Amino acid sequence: MAATLGPSGWWQRWRRRVSARNGSRMLLLLLLLGSGQGPRQVGAGQTFEYLKREHSLSKPYQGVGTGSSSLWNLMGNAMVMTQYIRLTPDMQSKQGALWNRVPCFLRDWELQVHFKIHGQGKKNLHGDGLAIWYTKDRMQPGPVFGNMDKFVGLGVFVDTYPNEEKQQEAQKRRYSPGVQRVFPYISAMVNNGSLSYDHERDGRPTELGGCTAIVRNLHYDTFLVIRYVKRHLTIMMDIDGKHEWRDCIEVPGVRLPRGYYFGTSSITGDLSDNHDVISLKLFELTVERTPEEEKLHRDVFLPSVDNMKLPEVSAPLPPLSGLALFLIVFFSLVSSVFAIVIGIILYNKWQDQSRKRFY
């Protein structure tokens, strides 16, 4: 028979149960904070950030596939590996991409990209780099780092091959001081669908800004962060192994619509590299706005940059209805017959006048 517990025994057992429950709750809270789900202070003007799992990707890369239930889709030569997603292998003429299936409706956000670019190519014998996208269209292969040209949205490019510099060398021309860029090079571009990315000049005519980023064949992790807060675009990098963000691009007045898709892509040509994405983590930033800022920061429907004129996109003409097409053909025929009759009459009068002069 079990021994009967006295009042002190019941009290000790109750305290152990309460301590165990509190310890479990504390452990769960720590796990949530460590995983990025919990809020944390992020700086002046920003209150909290929250990890958005539907727009994030990390090992073991669950939710990547081709089915309708997948959050991420692969395209081209992209492959899921154990430690990374390889957009392109170190082989010629490869193209791959990774696209989120869920459109992003956040007003303010931060995307942290953990990536690695490496290969056998020596100096200036590797290419071509990778791009991170926030665009209206997804899964559209093309020549711009594996994505379509004349895209609509934001593109951030990690360009590893200096096309313009090589052309200058071939023509035995030199850059003017302060113009030459050192590669690899990070740049950004906002497009409303009217601009083409100039490969021969490495995107120079349309870039918002850029910086040198020595990211190839490093033995430590490399990161890129894209932050969009209050129409302010900031791009920073951590590529020195010091776990510190370093400024690269800062552009105010960038207007990006909501409901676009995040993605990343890469392409190789005659030169190649391994382009690997290890993780993509998107955080929602909760930012305080004044009533005046609320009026200024209303939703936009086409990407633009203040103080930067983008060519207007000509809207396609609506298709003609059957009646309109019939009327156009009918009046064209009537006009043609009328012109022929007038021509015959004029010709006959000219002949009559010619006979009178002859006689």
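Brief remarks on what is shown
- Members of the stretch 150-184 that are open to solvent by less than 50 Å² (accessible area, probe 1.4 Å), outside any loop (DSSP other than H, G, I, E, B) and at pLDDT below 90: 164, 165, 168
- Any hit, the stretch 216-234, residues being surrounded by 13 or more Cβ atoms within 10 Å (Cβ to Cβ), part of a loop (DSSP other than H, G, I, E, B) and touching a Ser or Thr at 6+ places or on another chain (Cβ under 9 Å): no
- When residues of the stretch 25-52 are limited to those that are modelled with pLDDT under 95 and basic (Lys, Arg), the one least open to solvent (accessible area, probe 1.4 Å): 40
- Here is the figure for the stretch 129-146: residues that are open to solvent by 10 Å² or more (accessible area, probe 1.4 Å) and over 24 Å from residue 183 (Cα atoms) total 6.
- Of all residues in the stretch 272-300, those being in a loop (DSSP other than H, G, I, E, B) and at pLDDT 95 or above number 2.
- The lone criterion from (1) surrounded by 14 or more Cβ atoms within 10 Å (Cβ to Cβ); (2) in contact with a Ser or Thr (Cβ under 6 Å, 6 or more places away or on another chain); (3) assigned to a loop (DSSP other than H, G, I, E, B) left unmet by residue 257 is number (2).
- For the stretch 235-246, the criterion of a residue being modelled with pLDDT of 95 or more, out of contact with any Cys (no Cβ under 7 Å at 6 or more places or on another chain), open to solvent by 20 Å² or more (accessible area, probe 1.4 Å) and closer than 19 Å to residue 155 by Cα is satisfied by no position.
- Cβ-Cβ distances below 6 Å connect the following pairs, each with a first residue in the stretch 209-234 that is polar (S, T, N, Q), a second residue that is open to solvent by 30 Å² or more (accessible area, probe 1.4 Å) and assigned to a loop (DSSP other than H, G, I, E, B), and a separation of six or more residues or different chains: 212/182.
- Filtered residue count, the stretch 197-215, keeping only those that are on the phi < 0 side of the Ramachandran plot and assigned to a loop (DSSP other than H, G, I, E, B): 10
- Of the numbered criteria (1) loosely packed, with under 10 Cβ neighbours inside 10 Å; (2) assigned to a helix (DSSP H, G or I); (3) at pLDDT below 85, the one residue 315 fails is (2).
The values are calculated or read from the model by the stated rules, or taken from the named source; none is laboratory data. From a predicted model like this one, the values you see are computed outputs, not experimental measurements. No Cβ is skipped: glycine too gets one built from the backbone with ideal geometry, and neighbour counts run over all protein chains shown. These area figures cover heavy atoms from the full protein model, side chains too; ligands, DNA and RNA do not enter into them. Shrake-Rupley method; radii C 1.70, N 1.55, O 1.52, S 1.80 Å.
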